[in-house]
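Each remark here refers to the structure printed beneath this line.
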Amino acid sequence: MDSSRRRVLQLLGLSALGLSVKPVLNAFAEEAEQQAQAQIKRGENALSAQQWAMVVDTRAFESEDDFAPLIEACHKIHNVPVLENKRHEIKWIWTDHFHNAFPGKAARFLSEEVEKRPFLVLCNHCENPPCVRACPTKATFKRESDGIVLMDFHRCIGCRFCMAACPFGARSFNFRDPRPFIKETNKQFPTRMKGVVEKCNFCAERLAVGQLPACVAASDGALTFGDLYDPASEVRELIRTNFTIRRKQTLGTEPSVYYIV
Amino acid sequence: MSEKKLIILGLIIFVVIVTFPLWYNRGKAAPAPERILTDKAKAAKVCVRSTDYMKAEHMQLLDLWRDSVVRQGTRIYVSPSGKEYNMSLSNRCLDCHSNKAEFCDRCHNYASVRPYCWDCHIDNPKETS
Ligand code: SF4
Ligand code: SF4
Ligand code: SF4
């Protein structure tokens, strides 16, 4: 008698357990089904490369006015704010003197023309980027698929280690909320917030839809963009047929921006 | 003896104070906000996933989109129905749901969550400022 009551209780317990497990299993099954169905893929027009690189023909530029449209194009589409205070300045692409752009390459006496001429500078998307090594959150990373040194602004904690690590001053920090300082907002592209670092992204968002970087498109052929590891690419052709230099090459960061002087 | 009474009284007062929010608000739960759709969202009929999925999982979906776009550079989402979407908060989601105050904020306020999406993403890409 006793044993049969125990048996009934055991059965009841087991079935109660079974009932409570069922919805959980169902939920898992549903989840798995949903995930399996959705897919993620690259855009059909997306441009790809092993390592994107840029060649700047510095002979095509004489004065600041020649650079203005390029800088304007970049800063406008990327919502880069204009801050008058030099210490708060945000820049993705800008100009510098030969001495500052290429320290160690300037002889004591230089050709007057080179001495006076501004040079276009931006993030070099180094092949061995010190900024990536310094970043404690992996907010800055080198994208495996095409070598662009990118930032995940969501993740940046504003520690600025990357700025200390970059030997090219390619990065800017948002000391203030940038929104009030953006003249004309491009609504297709996000802004940044206070406390975040930013820099040139080699126009990753344009490459993804098959467009060349904005500065290249605005340069009238003075800037060339392409795959450094494709021997048939335009950049390689230019590097092969012209004498080019890179910024602070001796530091070993392997910049991907080449200059024809 | 008198101490025992005091202790019990104290305990009662303590329990009453601690449970005050529970019985005071009993039966008065704020009604869940109503979802307001723009004409464009209504016309589309379905979101990138089913409404239930979006209600429960949109944050995970956005997280997935973010990593995929920023880190892998893959920007096209193919939904189970086979339709392709550009994975972009500003340019895809907010294109239909251009009524942030009525669509996003209401529910977020109700659930008392403060996502900081709009610190950077522009809330209504089509609006003329
Ligand atoms: S130029 Fe500076 S920011 Fe750009 S990849 Fe090199 S080290 Fe990093
Ligand atoms: S400031 Fe941001 S990107 Fe730079 S090192 Fe810190 S977390 Fe990384
Ligand atoms: S590549 Fe794009 S982000 Fe970089 S400087 Fe040129 S326009 Fe700006």
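The values are calculated or read from the model by the stated rules, or taken from the named source; none is laboratory data. Since the structure is predicted, the reported quantities are computational estimates derived from the model, not experimental observations. Neighbour counts are summed over all protein chains in view; Cβ atoms, including those assigned to glycine, are modelled from backbone coordinates with ideal geometry. Accessible surface areas use protein heavy atoms only, side chains included; no ligands, DNA or RNA. Shrake-Rupley method; radii C 1.70, N 1.55, O 1.52, S 1.80 Å.
Determine whether the stretch A:35-51 contains at least one residue that is open to solvent by less than 60 Å² (accessible area, probe 1.4 Å) and touching a Pro at 6+ places or on another chain (Cβ under 7 Å).
Yes, because at least one residue in the stretch A:35-51 is open to solvent by less than 60 Å² (accessible area, probe 1.4 Å) and touching a Pro at 6+ places or on another chain (Cβ under 7 Å).
How about the stretch A:183-227: which of its residues are within 26 Å of residue A:164 (Cα to Cα) and more than 16 Å from the chain's Cα centre (by Cα)?
Correct list: A:193, A:194, A:195.
Looking for whichever is touching a helix residue (DSSP H, G or I) at 6+ places or on another chain (Cβ under 6 Å) and of a type outside the set (Gly, Ala, Ser) here; the options are B:91, B:86. Which one fits?
Working: B:91 fails: touching a helix residue (DSSP H, G or I) at 6+ places or on another chain (Cβ under 6 Å).
Among B:91, B:86, only B:86 is touching a helix residue (DSSP H, G or I) at 6+ places or on another chain (Cβ under 6 Å) and of a type outside the set (Gly, Ala, Ser).
Select from the stretch A:116-175 the residues that are of a type in the set (S, T, N, Q) and more than 8 Å from ligand 2 (Cβ to nearest atom) and write down the one among them that is nearest to residue A:72 (Cα to Cα).
To start, the set of residues in the stretch A:116-175 that are of a type in the set (S, T, N, Q) comprises A:124, A:128, A:137, A:140, A:145, A:172, A:174.
Cutting the leftovers down to more than 8 Å from ligand 2 (Cβ to nearest atom) gives us A:124, A:128, A:145, A:172, A:174.
Working: A:124: 19, A:128: 29, A:145: 28, A:172: 17, A:174: 19 Å.
For the stretch A:116-175, the residue satisfying everything is A:172.
Going through A:70, A:19, A:14, A:9 one at a time, which residue ends up being modelled with pLDDT of 90 or more and out of contact with any Gly (no Cβ under 6 Å at 6 or more places or on another chain)?
It is A:70.
For the structure I just gave you, tell me whether residue A:114 is among the β-branched types (Val, Ile, Thr) and farther than 30 Å from residue A:155 by Cβ.
Yes; evaluated as a whole, the condition is true for this residue.
Test each condition in (1) modelled with pLDDT of 90 or more; (2) under 19 Å from the mean Cα position of the chain (by Cα); (3) closer than 23 Å to residue A:192 by Cβ for residue B:123 and report the one that comes out false.
With respect to (1) modelled with pLDDT of 90 or more; (2) under 19 Å from the mean Cα position of the chain (by Cα); (3) closer than 23 Å to residue A:192 by Cβ, residue B:123 is out only on (1).
Can you confirm whether residue A:85 is closer than 24 Å to residue A:51 by Cα and not hydroxyl-bearing (Ser, Thr, Tyr)?
no
Has the stretch A:145-166 got at least one residue that is away from chain B (no Cβ under 14 Å) and either more than 14 Å from ligand 1 (Cβ to nearest atom) or of a type in the set (Asp, Glu) (or both)? First the steps, then the outcome.
Of all residues in the stretch A:145-166, those away from chain B (no Cβ under 14 Å) come to A:159-166.
Now restrict to residues that are either more than 14 Å from ligand 1 (Cβ to nearest atom) or of a type in the set (Asp, Glu) (or both): A:159.
Looking through the stretch A:145-166, at least one residue is away from chain B (no Cβ under 14 Å) and either more than 14 Å from ligand 1 (Cβ to nearest atom) or of a type in the set (Asp, Glu) (or both).
Can you say whether residue B:53 is among the aromatic types (Phe, Trp, Tyr) and at pLDDT 90 or above, as far as the supplied structure shows?
yes
If only one of A:175, A:181 is of a type outside the set (Asp, Glu) and touching a His at 6+ places or on another chain (Cβ under 6 Å), which one is it?
From the options A:175, A:181, the qualifying one is A:175.
Quick one: is residue A:69 out of contact with any Phe, Trp or Tyr (no Cβ under 6 Å at 6 or more places or on another chain) and either assigned by TED's automatic domain parsing to the domain that holds residue A:144 or within 11 Å of ligand 3 (Cβ to nearest atom) (or both)?
yes
Restricting attention to helices (runs of 4 or more DSSP H) lying wholly within the stretch A:122-218, give those where 3 or more residues are open to solvent by 50 Å² or more (accessible area, probe 1.4 Å). Don't jump to the end; show me each part of the working.
Details: elements: A:130-134, A:161-165, A:204-207, A:214-217.
Fully inside the stretch A:122-218 and qualifying: A:161-165.
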